[in-house]
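Asker: Sharing a structure below in structure tokens format, with a few things to ask.
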Amino acid sequence: MPRLALRVLATVLGTLTLVAGCSNGDDDGSGKGRRPSGAQVTIRVPGDAPTISSAVSLAHPGDLVLVAPGVYHESVKVSTPRVTLRGESRDKVVIDGRLQQPNGVVVAAPGVAVENLTVRNNTQNGVLVTGSAKAAAGLPGRSGGYDTGDEPVTFLKSFLVSHVTATRNGLYGIYAFSAQNGVIEHSYASGGADSGIYVGQCKPCRIVVRDNIAELNAVGYEGTNAGGDMYVVGNRLVGNRVGLTTGSDHQEKLLPQQGAVIAGNLIASNQQRATPQQADGGWGIGIGVDGGSDNRFVRNRIARNSNAGLVITATADIPAVGNQITNNTFSGNSVDVGWMFPTAARGRGNCLRGNDLRTTVPARLATSASCPLPSTTLSPAGQWAMPTAPGGIPFTEVAAPAPQPQFPYALTTGATAVPAVPDLPDLAGVPLPSASLLAAGARVQTS
């Protein structure tokens, strides 16, 4: 989260000089190159334009920017609507920030698709999708947050991030902030010093995060003040320090977080030491609900997390209210489900039904807090011995990704039409995942 990310970044980078924008004098996208004539054309890099930034600056709505294999030392900002940025090869088209720029790719216009490439070694984010001018400029606000003043939230409407590998970035691998109506899918995130995938400050979000791998991050997936048609479905969140969090934070707008659906995910073995150390000390937790409300956790497989499978607590003065935990499978966790609340912010209406679980704190939650419950019913609270988080490693030293699946027909299809509103998952059709979900592309296995 923003409150801890800058401390992590400062520790890792030390005295390294950070330069915003494109590094070492690379092309700044000011118009070099040539756009082929016609409507909805393909602009090739380096054939038509020498850099990705210059190609993007030439693009019109509906164009495809197609990037040949190579390592590109630049920061790419897409400010034209309905442009598709696609690599010819996911593993061989690399946007490398060399720890000299905040962001690898910034999406600042609606209807943009980013596909089939790798982003790495940025001081903040691999891919940033945002309607916030401050965030797009790489300039954190007070206390490391964005848009914390009185001005209204400005949303970016509609986006797609697909088949992207984001690794070794100083804050987030793939970051959607102040954005709505989007999809993050079939992507891989590792080495996020804060989290691999992050969705923040949207209500209603209408965002789907599906079929991704997040491993070797401080946190696999984070959702902060993100709710309302917010779906996290079918992801592999294995081998982080914390698998998934959803919660509220005063440093972002649109409090409180409420109304996310977390379904069909594999969330396991989240006590990996060879990960960036989280400043707030989270460790060994599958799912953490931190002042989040009205969230639904359905048919997730939550296994072998050394602290707890699922924890519900409060954020400062924001209680957790009305969270439903139904039909999940828990195994091998130190505590399967644990609730702890400060006296000033007791949880209410949180409940469980139909779960395969063995240990809860307090005991007998499965019967004493069976769904449904009125939102006024106080949730019991307990305590248990939590392990101390071990030291981590710099995000720059996290293991390199395994080869990842390519975007289908990358060389033979034109620009991707991003829908104004994505299709939302049918929750009834989301299955309990196997213990080997997306294992072929993962470094960290569950056993």
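The values are calculated or read from the model by the stated rules, or taken from the named source; none is laboratory data. Computed from a predicted model, the values in this text were never measured in an experiment. When we count neighbours, we look across all protein chains shown, and the Cβ atoms used for this are built from the backbone with ideal geometry, even at glycine.
Asker: Taking into account only those residues within the range 379-411 that are at pLDDT 95 or above and of a type in the set (A, V, I, L, M, F, W, C), which is surrounded by the most Cβ atoms within 10 Å (Cβ to Cβ)?
Answerer: The extreme case among them is F395.
Asker: Could we say that V65 is modelled with pLDDT of 95 or more, touching a Ser or Thr at 6+ places or on another chain (Cβ under 8 Å) and aliphatic (A, V, I, L, M) here? Show your work before the answer.
Answerer: On the way: modelled with pLDDT of 95 or more: yes; touching a Ser or Thr at 6+ places or on another chain (Cβ under 8 Å): yes; aliphatic (A, V, I, L, M): yes.
The answer is yes for V65.
Asker: State which residue is surrounded by the fewest Cβ atoms within 10 Å (Cβ to Cβ) when the search covers only the range 338-350 and only residues that are of a type outside the set (A, V, I, L, M, F, W, C) and not in a loop (DSSP other than H, G, I, E, B). Even if it seems obvious, please write down each step before you answer.
Answerer: In the first step, residues of the range 338-350 are kept if they are of a type outside the set (A, V, I, L, M, F, W, C); the result is 338, 342-343, 346-350.
Adding the requirement that they be not in a loop (DSSP other than H, G, I, E, B) leaves 338, 343, 348.
Numbers: G338: 25, T343: 7, R348: 19.
That would be T343.
Asker: Of the residues G38, G33, which is among the small types (G, A, S), modelled with pLDDT of 95 or more, out of contact with any His (no Cβ under 6 Å at 6 or more places or on another chain) and surrounded by 15 or more Cβ atoms within 10 Å (Cβ to Cβ)? Outline the logic, then answer.
Answerer: Details: G38 fails: surrounded by 15 or more Cβ atoms within 10 Å (Cβ to Cβ).
So the residue among G38, G33 that is among the small types (G, A, S), modelled with pLDDT of 95 or more, out of contact with any His (no Cβ under 6 Å at 6 or more places or on another chain) and surrounded by 15 or more Cβ atoms within 10 Å (Cβ to Cβ) is G33.
Asker: Name every residue in the range 77-121 that is of a type in the set (K, R) and not in a loop (DSSP other than H, G, I, E, B), in order of residue number.
Answerer: If we filter the range 77-121 for residues that are of a type in the set (K, R), which is where we start, we get 77, 82, 86, 90, 92, 98, 120.
Across the range 77-121, the qualifying residues are K77, R86, R120.
Asker: Right, next: Exactly one condition in (1) of a type in the set (A, V, I, L, M); (2) outside any loop (DSSP other than H, G, I, E, B); (3) touching a Lys or Arg at 6+ places or on another chain (Cβ under 9 Å) is false for A440; which is it?
Answerer: (3)
Asker: Right, another one. Quick one: which residue in G282, G220 is among the small types (G, A, S), outside any loop (DSSP other than H, G, I, E, B) and under 17 Å from D194 (Cα atoms)? It would help to see each step written out before you state the result.
Answerer: Working: G282 fails: outside any loop (DSSP other than H, G, I, E, B).
The conditions single out G220.
Asker: Oh, and also: Of all the residues that make up the range 412-447, how many are in contact with a Gly (Cβ under 9 Å, 6 or more places away or on another chain), modelled with pLDDT of 95 or more and within 20 Å of A268 (Cβ to Cβ)?
Answerer: 9
Asker: Please enumerate the residues belonging to the range 33-45 that are in a loop (DSSP other than H, G, I, E, B) and free of Cβ contacts under 8 Å to residues at least 24 places away in the same chain. Give the steps one after another, and end with the answer.
Answerer: First, the residues of the range 33-45 that are in a loop (DSSP other than H, G, I, E, B): 33-41.
Across the range 33-45, the qualifying residues are P36, S37, G38, A39, V41.
Asker: For V335, work out the one condition from (1) surrounded by fewer than 20 Cβ atoms within 10 Å (Cβ to Cβ); (2) closer than 24 Å to V261 by Cβ; (3) free of Cβ contacts under 8 Å to residues at least 60 places away in the same chain it doesn't fulfil.
Answerer: (1)
Asker: Okay, moving on. Does at least one position in the range 202-219 carry a residue that is buried (at least 23 other Cβ atoms within 10 Å of the Cβ), in contact with a helix residue (DSSP H, G or I) (Cβ under 9 Å, 6 or more places away or on another chain) and at pLDDT below 95?
Answerer: No, the conditions are met nowhere in the range 202-219.
Asker: Taking the range 250-275, which residues are crowded, with 24+ Cβ neighbours inside 10 Å and at pLDDT below 95?
Answerer: Selection gives E252 alone.
Asker: Are any of the residues in the range 293-313 under 18 Å from the mean Cα position of the chain (by Cα), assigned to a loop (DSSP other than H, G, I, E, B) and within 30 Å of A428 (Cβ to Cβ)?
Answerer: Within the range 293-313, one or more residues are under 18 Å from the mean Cα position of the chain (by Cα), assigned to a loop (DSSP other than H, G, I, E, B) and within 30 Å of A428 (Cβ to Cβ).
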